[in-house]
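Peer 1: Take this structure, written in structure tokens, and hold onto it; I'll ask about it next.
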Amino acid sequence: MKALVYHGPGKKLWEEKPKPVLTAPTDAVVKISKTTICGTDLHIMKGDVATVTDGRILGHEGVGIIEETGDAVSNFKKGDHVLISCITSCGKCEYCKRGMYSHCEKGGWILGNIIDGTQAEYVRIPYADNSLYPIPAGSDEEALVMLSDILPTGFECGVLNGQVKPGDTVAIAGAGPVGLAALLTAQFYTPAMLIMIDMDDNRLKVSRTFGASQFVNPQKEDAVRKIFELTGNKGVDVAIEAVGVPSTFELCQSIVAPGGHIANIGVHGKKADLHLERLWSHNITITTRLVDTVTTPMLFKSVQSNKLAPEKLITHHFRLDDILHAYDVFGNAAKEQALKVILEN
Ligand SMILES: NC(=O)c1ccc[n+]([C@@H]2O[C@H](COP(=O)([O-])OP(=O)(O)OC[C@H]3O[C@@H](n4cnc5c(N)ncnc54)[C@H](O)[C@@H]3O)[C@@H](O)[C@H]2O)c1
Ligand SMILES: [Zn+2]
Ligand SMILES: [Zn+2]
């Protein structure tokens, strides 16, 4: 089969790889129908994620059709349409029992990281019963690709950890797919003000149609000053970091109001300063999280009942074998006006 293979920072090839086979009775092999590229894949390509080694097939999102199941898989059979979670979970270990699938002792974020991923014609999914979700006939499968990672990530790491409440002022640094997913799901809680921060004016414009009320471009204005002006000199109740660079984590520290929350989502490859000289007295909470995908069933229902429309995030379509081109487009998102790209097998 063909797959997108990582060969060290900046190097990737679309090349021939062996088709995956079942290696445990709890495995399933899935034929990919649609997959996508994540901001995390861009971090991997920069060399930010040390666990990804030469030869790895990338990708941790997608939908597909069950090709084969191990003897212990009881929820799925050949031909079933499935949503692949970016997090693999055994459902049995201590962390899984606590709903912290991201730290499953046998899984977690392994796809496209320490085992081969979904940017391929086929993928092996360990612990299939707990790591796949059935897709009902007639569903918009493209929209569901957004449920593999970005919707639960924006919601769990940003909105739930940030404890967004009715009437809150919320700032989201990063209007990429993950920041926009946080923007969409923050509105479950009717915050009073939703401020988006990004250097990409097109993404800021898009965020308006997703419900943002205020926009800050730190390349064109003093972001801290503008946010204090917008919030009556208080700062924000919730600052969500959805970029993954030190400057935006520090910006969140500068704009958080007393009693507020900083919810980090970004994957960071470099250390960032913690400004305790300002924050020690501010009664704030800082959270970090690797998405657990425990909210996927709830978000699935919200999408199916048209309460959430994640298909709005899709801007480009490519054939899977055109994935190198798709990486170029997603990697130059501002120029290409790209959000989520769909790759079809
Ligand atoms: N914690 C998790 O479990 C988890 C899961 C998935 C993704 N992530 C991370 O979430 C982050 C966002 O993912 P994405 O797919 O939306 O990425 P993306 O690269 O598409 O979006 C990042 C956005 O940040 C903007 N940006 C860059 N530098 C900026 C700055 N200095 N100030 C303001 N905006 C700036 C870019 O213009 C872009 O719009 C990434 O770091 C990704 O790795 C984390
Ligand atoms: Zn991802
Ligand atoms: Zn587990």
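The values are calculated or read from the model by the stated rules, or taken from the named source; none is laboratory data. All figures in this text were calculated on a predicted structure; none of them were measured in a lab. Virtual Cβ from ideal backbone geometry, glycine too; neighbours counted across all protein chains shown.
Peer 1: Being part of a helix (DSSP H, G or I) and of a type outside the set (A, V, I, L, M, F, W, C) is the filter; apply it to region 209-237 and report the residue that is nearest to residue 311 (Cα to Cα). Before the answer, list the steps.
Peer 2: The initial filter retains those residues of region 209-237 that are part of a helix (DSSP H, G or I), namely 209, 223-230.
Those still in the list that are of a type outside the set (A, V, I, L, M, F, W, C) too: 209, 225-226, 229.
Details: 209: 13, 225: 34, 226: 31, 229: 34 Å.
Here the residue is 209.
Peer 1: Can you tell which of 326, 334 is within 27 Å of residue 121 (Cα to Cα), among the aliphatic types (A, V, I, L, M) and assigned by TED's automatic domain parsing to the domain that holds residue 38?
Peer 2: 326
Peer 1: In this structure, is residue 102 buried (at least 20 other Cβ atoms within 10 Å of the Cβ), within 11 Å of ligand 3 (Cβ to nearest atom) and of a type in the set (Gly, Ala, Ser)?
Peer 2: yes
Yes/no matrix, rows are residues, columns are (1) within 13 Å of residue 87 (Cβ to Cβ); (2) more than 16 Å from ligand 1 (Cβ to nearest atom):
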| site | (1), (2) |
| --- | --- |
| 110 | yes, no |
| 120 | no, yes |
| 132 | yes, yes |
| 136 | no, yes |
| 140 | no, yes |
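Peer 1: Take the residues of region 49-65 that are surrounded by fewer than 17 Cβ atoms within 10 Å (Cβ to Cβ) and modelled with pLDDT of 95 or more: which is farthest from ligand 1 (Cβ to nearest atom)?
Peer 2: 65
Peer 1: Also, I was wondering about something else. Looking at region 252-311 only, could you name the residues that are of a type outside the set (S, T, N, Q), in a helix (DSSP H, G or I), surrounded by 15 or more Cβ atoms within 10 Å (Cβ to Cβ) and outside the structural domain of residue 226 (by TED's automatic domain parsing)?
Peer 2: Once the filter is applied, which keeps residues that are of a type outside the set (S, T, N, Q), in a helix (DSSP H, G or I), surrounded by 15 or more Cβ atoms within 10 Å (Cβ to Cβ) and outside the structural domain of residue 226 (by TED's automatic domain parsing), region 252-311 yields 299, 300, 303, 310, 311.
Peer 1: Can you name the residue in region 27-40 that is buried (at least 23 other Cβ atoms within 10 Å of the Cβ) and within 20 Å of residue 65 (Cβ to Cβ) and is also nearest to ligand 2 (Cβ to nearest atom) among such residues?
Peer 2: Among residues in region 27-40 that are buried (at least 23 other Cβ atoms within 10 Å of the Cβ) and within 20 Å of residue 65 (Cβ to Cβ), the one nearest to ligand 2 (Cβ to nearest atom) is 36.
Peer 1: From the residues in region 144-190 that are within 11 Å of the chain's Cα centre (by Cα) and among the acidic types (Asp, Glu), which one is surrounded by the fewest Cβ atoms within 10 Å (Cβ to Cβ)?
Peer 2: Per the criteria, the residue is 156.
Peer 1: So, one more: Of everything in region 147-185, what is assigned to a strand (DSSP E or B) and within 8 Å of ligand 1 (Cβ to nearest atom)? Give them in sequence order. Walk me through it before giving the result.
Peer 2: Initially, region 147-185 is screened for residues assigned to a strand (DSSP E or B), giving 169-173.
Correct list: 173 only.
Peer 1: Find the residue count for region 82-108, including only residues that are assigned to a helix (DSSP H, G or I) and either of a type in the set (Lys, Arg) or in contact with a Ser or Thr (Cβ under 9 Å, 6 or more places away or on another chain) (or both).
Peer 2: Going through region 82-108 one residue at a time, the tally reaches 5.
Peer 1: Looking at (1) out of contact with any Phe, Trp or Tyr (no Cβ under 9 Å at 6 or more places or on another chain); (2) within 16 Å of ligand 1 (Cβ to nearest atom); (3) assigned to a loop (DSSP other than H, G, I, E, B), which is the only condition residue 79 fails?
Peer 2: (2)
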